[in-house]
1. Which of the residues that make up the stretch 300-317 are among the aliphatic types (A, V, I, L, M), surrounded by 12 or more Cβ atoms within 10 Å (Cβ to Cβ) and not in a strand (DSSP E or B)?
2. I'd like to know if the stretch 70-78 contains one or more residues that are surrounded by 21 or more Cβ atoms within 10 Å (Cβ to Cβ) and modelled with pLDDT of 95 or more.
3. Among the numbered conditions (1) free of Cβ contacts under 8 Å to residues at least 12 places away in the same chain; (2) in a strand (DSSP E or B); (3) of a type in the set (A, V, I, L, M, F, W, C), tell me where residue 280 comes up short.
4. In the stretch 189-207, how many are in contact with a strand residue (DSSP E or B) (Cβ under 6 Å, 6 or more places away or on another chain), open to solvent by 30 Å² or more (accessible area, probe 1.4 Å) and outside any helix (DSSP H, G or I)?
5. Give the number of residues within the stretch 25-59 that are out of contact with any Ser or Thr (no Cβ under 8 Å at 6 or more places or on another chain) and either among the small types (Gly, Ala, Ser) or outside any loop (DSSP other than H, G, I, E, B) (or both).
6. Scan the stretch 9-24 for residues that are part of a loop (DSSP other than H, G, I, E, B) and either among the charged types (D, E, K, R) or farther than 16 Å from residue 66 by Cβ (or both) and jot them down.
7. With (1) open to solvent by 40 Å² or more (accessible area, probe 1.4 Å); (2) closer than 30 Å to residue 98 by Cα; (3) charged (D, E, K, R) as the list, and residue 125 as the residue in question, which single condition is left unmet?
Amino acid sequence: MTIDLYTEFSQDLEYIWTKFENEAIMTPFQSYAWLSHWQHTVGNPLLLVQPQIVHLHTEGNTIAILPMGIRKMFGVRILEWLGSNQADYMGPLLIDNHDKIYHNENIWNLIKQNLYRFDVIHLRKQYKKTIQFLKYINLSSSNNKNLKAYKSSLPNKWDDYFGNIKKKLRSDSRRQYRRLAKNGDVKFIYAGSLGLKSDIIKSMIIQKRRRYQEKGVLDLLANKENQHFYLGLNKLHSDKFKIHCTSLTVGDISVATHVGFYDDTTFYYLMPANEGIDWMKYSPGRLLLIELLRWSIENKLKFFDFTIGGEAYKKDW
């Protein structure tokens, strides 16, 4: 087993990482494009994260990439996965049969010898398979199962999907659409150009911040660094996923927006927002969600991932 440590995102690392993406078990949140963009917009300027990216390989073949970093908080050096609030799923990139290729009870100890000094290990938002991998490399830990993430399996036809949703929800959604249409021409807009993507992302940030303030909760977009992360998504390029920006408009007014992405099989529901105030009574966020589900089915995706969050409305879909 060879262990290499990278403390910055570089061309050499990009070559290894993107090549491994073609065979690795991962989500788009573990892609080089997503995490390098995060490090340059949030990780370094806002959180002062020092990357600790571990490359495990043997005989020239990559077994795993561990995208970790060290963040200092109240004088404590914390070792954690890269991505913070901008990654709903966190963890390593793994080869499918990594547990059958090489087993060594000292792997974590060998990794730790390469890392910079840290005081605490805090790994969050992980799939079960990541917990299993950590045990495999002999990183013992206590685990808390306190996050939920819902995912819908999508059929081939929209009617087959929507017909299985609760009748009351279907009827109310149709009623809300008719009520909304009385205010103007209702359109579902999918951004194909960089300019339109940028406009929708800007609208999403404004709407999201207003809703944070209305609800009296922490404004996660108050920092310019977090805003820069989302504003830069319109130019992000990766072979593993595509950025998806949409809005629901009534006349010239964008009453709901969504910024997310999709890969070969799955749509990821990330940053929904709506105009709030007088438009809330029309449930514009739900109407846009319906259009996103319809779009996913029409584009032959197999899953609709609602990502982290146990909100009750997600169960309905």
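The values are calculated or read from the model by the stated rules, or taken from the named source; none is laboratory data. This one's a predicted model, so the numbers in the text were calculated from it and none came from an experiment. With ideal geometry, Cβ positions are generated from the backbone for all residues, glycine too; neighbour counts draw on all protein chains shown. What goes into the accessible areas is simple: the full protein's heavy atoms, side chains included, and nothing from ligands, DNA or RNA. Shrake-Rupley method; radii C 1.70, N 1.55, O 1.52, S 1.80 Å.
1. Scanning the stretch 300-317 gives a single hit, 301.
2. First, pick out the residues of the stretch 70-78 that are surrounded by 21 or more Cβ atoms within 10 Å (Cβ to Cβ): none.
No, the stretch 70-78 contains no residue that is surrounded by 21 or more Cβ atoms within 10 Å (Cβ to Cβ) and modelled with pLDDT of 95 or more.
3. (2)
4. Result for the stretch 189-207: 2.
5. 10
6. Narrowing the stretch 9-24 to residues part of a loop (DSSP other than H, G, I, E, B): 9-10, 22-24.
Of everything in the stretch 9-24, those that are part of a loop (DSSP other than H, G, I, E, B) and either among the charged types (D, E, K, R) or farther than 16 Å from residue 66 by Cβ (or both) turn out to be 10, 22, 23.
7. With respect to (1) open to solvent by 40 Å² or more (accessible area, probe 1.4 Å); (2) closer than 30 Å to residue 98 by Cα; (3) charged (D, E, K, R), residue 125 is out only on (1).
Residues are listed down the side, and each one gets a yes or a no for (1) assigned to a helix (DSSP H, G or I); (2) modelled with pLDDT under 95; (3) open to solvent by less than 100 Å² (accessible area, probe 1.4 Å):
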| residue | (1), (2), (3) |
| --- | --- |
| 110 | yes, yes, yes |
| 116 | no, no, no |
| 168 | yes, no, no |
| 171 | yes, no, yes |
